[in-house]
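The values are calculated or read from the model by the stated rules, or taken from the named source; none is laboratory data. Given the structure is predicted, the values throughout are model-derived calculations rather than measurements. Neighbour counts run over all protein chains shown; Cβ positions are idealised from the backbone, glycine included. Heads up: the accessible areas ignore ligands, DNA and RNA and are worked out on the full protein's heavy atoms, side chains in. Shrake-Rupley method; radii C 1.70, N 1.55, O 1.52, S 1.80 Å.
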Amino acid sequence: MEYSLGEIARLINAELIGNADDLVNGVASLSTATNQQVSFFVNSKFQSHLKNTGAGAVILSYDDVDMCPVHSLVCKEPYVAYVKVANLLNPLPEYKPGIHPSAVVDGSSSIAESACIGANTYIGPDVEIKDNVFVGHGCIIDSGCLIDDNSRLMANVNLYHKVKIGKRVVIHSGVVIGSDGFGLVNDEGRWLKIPQLGTVQIGNDVEIGANTAVDRGALDDTRIEDGVKIDNLVQIGHNVIIGENTAIAGSAVIAGSVVIGKRCMIGGASAIAGHLKIVDDVIITGLSGVTNSINKPGKYSGSMTTTENMTWRKNMVRLRHLDELARKINALEDKNKA
Amino acid sequence: MEYSLGEIARLINAELIGNADDLVNGVASLSTATNQQVSFFVNSKFQSHLKNTGAGAVILSYDDVDMCPVHSLVCKEPYVAYVKVANLLNPLPEYKPGIHPSAVVDGSSSIAESACIGANTYIGPDVEIKDNVFVGHGCIIDSGCLIDDNSRLMANVNLYHKVKIGKRVVIHSGVVIGSDGFGLVNDEGRWLKIPQLGTVQIGNDVEIGANTAVDRGALDDTRIEDGVKIDNLVQIGHNVIIGENTAIAGSAVIAGSVVIGKRCMIGGASAIAGHLKIVDDVIITGLSGVTNSINKPGKYSGSMTTTENMTWRKNMVRLRHLDELARKINALEDKNKA
Amino acid sequence: MEYSLGEIARLINAELIGNADDLVNGVASLSTATNQQVSFFVNSKFQSHLKNTGAGAVILSYDDVDMCPVHSLVCKEPYVAYVKVANLLNPLPEYKPGIHPSAVVDGSSSIAESACIGANTYIGPDVEIKDNVFVGHGCIIDSGCLIDDNSRLMANVNLYHKVKIGKRVVIHSGVVIGSDGFGLVNDEGRWLKIPQLGTVQIGNDVEIGANTAVDRGALDDTRIEDGVKIDNLVQIGHNVIIGENTAIAGSAVIAGSVVIGKRCMIGGASAIAGHLKIVDDVIITGLSGVTNSINKPGKYSGSMTTTENMTWRKNMVRLRHLDELARKINALEDKNKA
């Protein structure tokens, strides 16, 4: 997989300062790249790496061209351009179409000829698997699921019945989609299970990280819309709706019936309480606990700063009495005014 | 699966205002229900939905009967009654007894004739699987496990050796039960593993959510008692004991040797530090970090409120110096008293 | 598996007060041990258990010998010594070498004759599995992986392509190693995936708990060094480096490109933000959110204390206005000075 610098310049709409016929076959960081690899420069911290790079070409902005000792691919958004080149030079592995002989496939399912089904995978009744879909080894696709064109399920993905997966979706190992939501009602001291009758709809171009769990809806469906990216070990409760192009980082917890808007960024290890609404274009920083709906775009935070343990202990003792402290201050103010 | 409104009224001990012979076959929300479906009304926010519903019947309380345009099923606890009807009209899927030909079953195990063992599942030596148990596809049940009557393990559940599962238990995909606890002792800078010699006992009527992990005990057993409900991605350390009918929401972390009482509710993303005791009837709200035992029933909280990022930054700077602030206040008070 | 007390005393370098020929075959707590079992005493809370123990021998320190009613194994670090005895008397289960007939093994892989490959496991092309390795049931080992001598993968472990595992490593069920890191760049409102071209290197003597996920590196590799111990449901982002003998407790979240030093202890449910550096010998207590690099060894904390709900509500209202409170105090101080 080789491309000339000329071809690459055209692809990323960059100005090439250098030899258009030189061939490259990979990407690497400035300090490790060989003359057959492309690198990028966006962070002035790495100036010395740029000046000493052995890369075949460096993608960078107009301001930085003078520092570059090798061929330059000059453009406005060097990092985005770099990612496009990295994808070009590292295409997804190709899979031979076909069903592995160890797979167990129900006769009523419909599997496109161009699809690939891995070893020891189970495909249940009435499943529909469309063109160029890859289902890895050890997956379990229960009855009535649909997986649309060009989606890839890595090894050991679990889909409960009737889950719908869009096009070009990537689902990583250990993901569970469509498990029962945590729907319980207390009946004289014992928990009665609320049947979870909805399912899960995953849009196009979604990616879901390893060991994440997405529950099916209680009556309506849980919905992950187009372009949403979800990291590892994220918990998505029943009836959650996540708007287009929102990104959710590792180990976040989205409780049941939360509705998140478009283009939001939910930080790692943050948690959003049940039934809240978050509008479009909200950023929630890591480890924040969200307990009220957010009605205005912007950046929100709610994590505590970590400090040296002795300082923290003293501050936490005071925090436990913060209301009393505030009353003291108000009393002092009144006294001083009088 | 059809029932008459008369049969349903008897089942949930409701007064039927309407035609006892009308048949229904499902449940739905007020706004989507057809005249063959039952709905419910408990939240005055949805009054307009009630007034315009096309449901076959609505379960509601005496106070709300006048607003209902269709047959009414009137009772004291409409939501509990609705859940009972939902379960009645949506029975669990039936499974054909038998062992899938692709399953690997050790000859020394004992599997009831009424049990169902899924595709590509492994059943180890000396396992006992009792009446009407369903073990889904791709499960691994290691040596010496016991699964009691009417329990259901969804696809890809992992039981380590000697784990005991009670009756009517539901375990979701990706759950691991009986993995080694995090037992380490530091031996001159290196970690020495403490052998984990106990196992895990799961009582009756327990439900465990997707990708949750429950560690085996070090010497004694980890114990989940009858009626406990655990959500997805929960971490249960070794030697934890969870009392009857306690519910634990998603991504909670219960560290080793914690003892939780009966009828507790542990909020999502909360964490309980090792060796603590929580008495019966304690509610811990979401994202709370519990670092002391709780000796009195009640509601406890420990999460931080999320606010707009700039406000949060200023407050966090102050919080880091809260002890100094408190000292200033006390000095001011002394001065003002003098 | 029986040992004489004399043999055990030699192994742990203890002074035996009692009969060197007595045989023992297990370990147990003071209150449950029989006369063929060894127990230990380190916590004065259990003095009455010691005085009434029926153990065959008790491991304890010189100071406590007088209280011991049975044979004593006296040494300086009784708990470490106990763990060594527990390991001696509870050796790892032995596995018969060989490949289960239901396993799917690519012909280009190289599997040592002494290795054991479980049922329904998949081994991809160019995998190398060395001496005495145990790969449990239902594992998926993708192309180009290496598993070095004496490592044990429990059931249902997933290794993506080219992951390298050292010697004597233990990996628990549901672990995913080598999934794509959460590498995204925003390209005019849509997320562009950054190809994840590195892999994961796991050193010797590492243990990884159930359902933990370790992402592969973007360009360079993610690296878990020798002797690191990781608990259940931990999230390790791409390009993280974890230094020798560091321990990470359950449900911790280590974001991308974090570098953690040697001999650190990272508490359960804590989270470390991306790109931070933590030096050697740092302890971070549970549920702390780390948002700055830590440059000095020591103990650090950042969790909030959980209190009774009404107290917490009042304090949180004040906390939201802490900056204003602090300004009031400073104004009062100025006024009082004047």
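Compute, for the stretch B:98-300, the length of the dipole vector about the Cα centre, with Cβ point charges of +1 (Lys, Arg) and -1 (Asp, Glu) only. Units Debye, rounded to 20.
Numbers: 16 positive and 22 negative charges, 113 e Å.
Once rounded to the nearest 20, the dipole reads 540 debye.
The ellipsoid that matches the Cα gyration tensor of the stretch C:10-65 has semi-axes, each √(5λ) in whole angstrom, of 17, 14, 9, with the longest given first.
Of the solvent-accessible surface of the stretch A:99-300, computed with a 1.4 Å probe over protein heavy atoms with every protein chain present, carbon and sulfur atoms account for 48 percent.
Peptides A:249-260, B:289-300 ranked from most to least packed give A:249-260, B:289-300, packing being the mean of other C-beta atoms within 10 angstrom over each peptide's residues.
Note that the stretch A:97-102 has calculated 3J(HN,Hα) couplings of x, x, 10, 4, x, 7 Hz, one per residue in order, obtained from phi through the Karplus relation 6.51 cos²θ - 1.76 cosθ + 1.60 (θ = phi - 60°); glycine and proline are x. In the stretch A:228-275, the residues whose accessible area drops by at least 40 square angstrom when the other protein chains are added to the isolated chain are A:K229, A:D231, A:N232, A:L233, A:Q235, A:N245, A:V253; the probe is 1.4 Å and only protein heavy atoms count.
Per q in 0.15, 0.20 1/Å, what log10 I(q)/I(0) does a Debye calculation on the alpha-carbon atoms of the stretch A:105-146 return? Each listed q maps to, in turn, -0.27, -0.50.
Between B:A273, B:A247, B:A33, the Gaussian network model of chain B with springs among Cα atoms under 10 angstrom shows the greatest mean-square fluctuation at B:A33. Rounded to the nearest 20, the Cβ-based charge dipole of the protein assembly as shown about its Cα centre (Lys and Arg +1, Asp and Glu -1) stands at 3880 debye. As a size descriptor, the averaged projected area of the C-alpha convex hull of the stretch A:1-94 was calculated at 5.4 nm². Residues considered: B:V38, B:V135, B:V185. Largest GNM mean-square fluctuation over chain B, using C-alpha springs under 10 Å, is found at B:V38. Within straight cross-link reach of B:K299, meaning Cα distance under 17 Å, which lysines are found once same-chain residues fewer than 8 apart are removed? Reachable lysines: B:K262, B:K277, C:K314.
Residues of the stretch A:72-93 whose accessible area (probe 1.4 Å, heavy atoms of protein chains only) drops by at least 50 Å² once all protein chains are present, relative to their chain alone: A:V80, A:V83.
Counts of other chain beta carbons within 10 angstrom of each beta carbon in peptide B:181-194 average 6.
Candidates C:N204, C:N336, C:G267 compared by Cα position along the dipole of chain C: farthest toward the positive end lies C:N336, with charges placed on Cβ.
For chain B, the longest stretch holding no GluC sites (Glu not before Pro) located in a DSSP loop with at most 11 other Cβ atoms within 10 Å is which? Before the final figure, lay out the partial values.
Details: sites that count: B:E2, B:E94, B:E113, B:E188.
It runs B:189-338.
Could you give the accessible area per residue of chain C, probe 1.4 Å, as a whole number in Å²?
Values: 13430 Å² over 338 residues.
That works out to 40 Å² for each residue.
Set Lys and Arg Cβ to +1 and Asp and Glu Cβ to -1, take the dipole of the protein assembly as shown about its Cα centre, and tell me which of C:T34, A:V290, B:G256 lies farthest positive. Going by the Cα projections, it comes out as A:V290. Computing Rg and the Kirkwood Rh from the Cα coordinates of the stretch C:203-338 gives a ratio, Rg/Rh, of 1.16.
Comparing Cα centroids, the stretch C:158-201 and the stretch A:1-70 end up 26 angstrom apart.
The residue list A:M67, A:N132, A:G118 was ranked by how far each Cα lies along the charge dipole of the stretch A:1-139 toward its positive end, using unit charges on Cβ atoms, and A:M67 comes out on top.
Remark: label point of C:A20 defined 7 Å out from Cα along the Cα-Cβ vector; separations to the same position in other copies 9.0, 9.0 nm, ascending. Counted over the stretch C:186-270 with a bin width of 5 Å, the fraction of Cα pairs per bin, in whole percents, is 4, 16, 24, 27, 13, 8, 5, 3, 1, 0.
Residues considered: A:P125, A:P78, A:P97. Largest GNM mean-square fluctuation over chain A, using C-alpha springs under 10 Å, is found at A:P78. Buried area at the C:A interface is about 5300 square angstrom, summed over both chains, from accessible surfaces computed with a 1.4 angstrom probe. Computed with the Debye formula from one identical point scatterer per Cα of chain B, without solvent, the log10 of I(q)/I(0) at q = 0.09, 0.12, 0.14 Å⁻¹ comes to -0.69, -1.00, -1.13. With a 10 Å cut-off around each Cβ of A:42-50, the average count of Cβ atoms from other chains is 0.
Here the stretch A:3-89 exposes an accessible surface that is 45 percent carbon and sulfur, computed with a 1.4 Å probe and the other protein chains kept in place.
Mean partner shielding of peptide A:211-221, defined as the number of other chain Cβ atoms within 10 Å of each residue Cβ, is 5.
Take every Cα-Cα pair in the protein assembly as shown and report what % of them are more than 47 Å apart.
Details: 158393 of 513591 pairs.
The answer is 31 percent, as a whole percent.
The alpha carbons of the stretch A:140-211 stretch over 49, 21, 19 Å along the principal axes, in descending order. For a straight C-alpha distance cut-off of 16 angstrom, the lysines reachable from A:K84 (same-chain residues fewer than eight places away being disregarded) are A:K76, C:K193.
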